[in-house]
Amino acid sequence: MGSLLLIGSPGTGKTRLILKYLKCFDKVLWISTTESAPNVREKIRDFEGELWVVDTHTWDQKINIMPRDIIVNNPLNLNEVSIAIGKALDSLKKDYFISFDSISGLLLYHSPQKVIHFLRNIVVRMTSDNGSGIFTLVKNAHDVHTETSISLVFNNILELDRIFNKEDVRRLIKVVRASSYVEREVGELKIVKDDLLIPDELDSFIKSQLRIEK
């Protein structure tokens, strides 16, 4: 389907997972609701392709931005956010990757119903453009009904978690919903320098859904 919803608490590795697969694309749109455009670009400074950033976090603060940065002055108006995203996608045209980090930022200002309609439009546009994307949602930041409603937009859902032991921390990745067969539904993540190690079966599933050639 080209898109994944990634659910997890802060610190579970959502951004690291996005960065792992973003490198497989030449054209990227990063939609940020929690960080400024300069912070996003610093995070992925090694990316050499075409990168657009739609910043709904900064509002109208005066910051140094790049030509492909779009600051949404009023994120309380979802139409303005949609126009900004549309402008970036019109430039990227096809075969792009969207990082939407995170849906939870929009839910601070808008009802789940409005956000669901907004997300559906993005997913439909992305699918028609043969694009791919990872959308994030902060676990336990919303009530169960809201989390369930948002999840209905996506056919593929992954959840990241951390288990704290006395001596270390285990990081887990779990397939919550899949549009195709998954050989392995739960695995352990390992963070290494500049990478996130994922079990082969789950890595293959993610790549297949994001249309990444293995």
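For the stretch 134-160, enumerate the residues that are surrounded by 15 or more Cβ atoms within 10 Å (Cβ to Cβ), out of contact with any Lys or Arg (no Cβ under 7 Å at 6 or more places or on another chain) and of a type in the set (D, E, K, R).
Result: LYS139, GLU147.
For the stretch 175-214, what are the residues that are aromatic (Phe, Trp, Tyr) and either touching a helix residue (DSSP H, G or I) at 6+ places or on another chain (Cβ under 6 Å) or surrounded by fewer than 12 Cβ atoms within 10 Å (Cβ to Cβ) (or both)? Step through it out loud before you land on a result.
At the first step, the residues of the stretch 175-214 found to be aromatic (Phe, Trp, Tyr) are 181, 205.
Of everything in the stretch 175-214, just one residue is aromatic (Phe, Trp, Tyr) and either touching a helix residue (DSSP H, G or I) at 6+ places or on another chain (Cβ under 6 Å) or surrounded by fewer than 12 Cβ atoms within 10 Å (Cβ to Cβ) (or both), namely TYR181.
One line per residue, one yes/no per condition, for (1) over 17 Å from SER9 (Cβ atoms); (2) touching a His at 6+ places or on another chain (Cβ under 6 Å); (3) at pLDDT 95 or above:
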{"position": "VAL115", "(1), (2), (3)": "yes, no, yes"}
{"position": "ASN121", "(1), (2), (3)": "yes, no, yes"}
{"position": "ILE134", "(1), (2), (3)": "no, no, yes"}
{"position": "ARG162", "(1), (2), (3)": "no, no, no"}
{"position": "ARG170", "(1), (2), (3)": "no, no, no"}
{"position": "LYS174", "(1), (2), (3)": "no, no, yes"}
{"position": "TYR181", "(1), (2), (3)": "yes, no, no"}
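Evaluate the following for PHE25: is it closer than 26 Å to LEU197 by Cβ, modelled with pLDDT of 95 or more and in a loop (DSSP other than H, G, I, E, B)? Even if it seems obvious, please write down each step before you answer.
Numbers: closer than 26 Å to LEU197 by Cβ: yes; modelled with pLDDT of 95 or more: yes; in a loop (DSSP other than H, G, I, E, B): yes.
So PHE25 fits the description; yes.
Does LYS94 satisfy the condition of being modelled with pLDDT under 95, part of a loop (DSSP other than H, G, I, E, B) and surrounded by fewer than 21 Cβ atoms within 10 Å (Cβ to Cβ)?
Numbers: modelled with pLDDT under 95: no; part of a loop (DSSP other than H, G, I, E, B): yes; surrounded by fewer than 21 Cβ atoms within 10 Å (Cβ to Cβ): yes.
When the stated conditions are applied, LYS94 does not pass them.
Of the residues in the stretch 156-188, how many are of a type outside the set (D, E, K, R) and part of a strand (DSSP E or B)?
12
Just name the residue that is surrounded by the fewest Cβ atoms within 10 Å (Cβ to Cβ) out of those in the stretch 119-133 that are under 14 Å from ASP90 (Cβ atoms) and of a type in the set (A, V, I, L, M).
This residue is MET126.
Pick from the stretch 105-150 the residues that are touching a helix residue (DSSP H, G or I) at 6+ places or on another chain (Cβ under 9 Å), of a type in the set (Ser, Thr, Tyr) and part of a helix (DSSP H, G or I): which of them is nearest to LEU5 (Cα to Cα)?
It comes out as SER149.
Which condition from (1) part of a helix (DSSP H, G or I); (2) over 14 Å from GLY13 (Cβ atoms) is the one that LEU202 breaks?
The failed condition is (2).
Please state which of the following conditions VAL153 fails to meet, knowing it meets all the rest: (1) part of a helix (DSSP H, G or I); (2) over 18 Å from THR34 (Cβ atoms); (3) touching a residue at least 40 places away in the same chain (Cβ under 8 Å); (4) β-branched (Val, Ile, Thr).
(1)
Of the numbered conditions (1) over 13 Å from LEU5 (Cβ atoms); (2) modelled with pLDDT under 95, LYS207 fails exactly one; give the number of that condition.
Failing condition for LYS207: (2).
In the stretch 41-91, which residues are acidic (Asp, Glu), assigned to a helix (DSSP H, G or I) and under 19 Å from the mean Cα position of the chain (by Cα)? Write out each step before concluding.
Taking the stretch 41-91 first, the residues acidic (Asp, Glu) are 42, 46, 48, 50, 55, 60, 69, 80, 90.
Next, from what is left, pick out any that are assigned to a helix (DSSP H, G or I): 42, 80, 90.
Within the stretch 41-91, just GLU42 meets the criteria.
The values are calculated or read from the model by the stated rules, or taken from the named source; none is laboratory data. Bear in mind the structure is a predicted one, so any value in this text is a computation, not a measurement. Note that each Cβ is placed from the backbone with ideal geometry, even for glycine, and that neighbours are counted across all protein chains shown.
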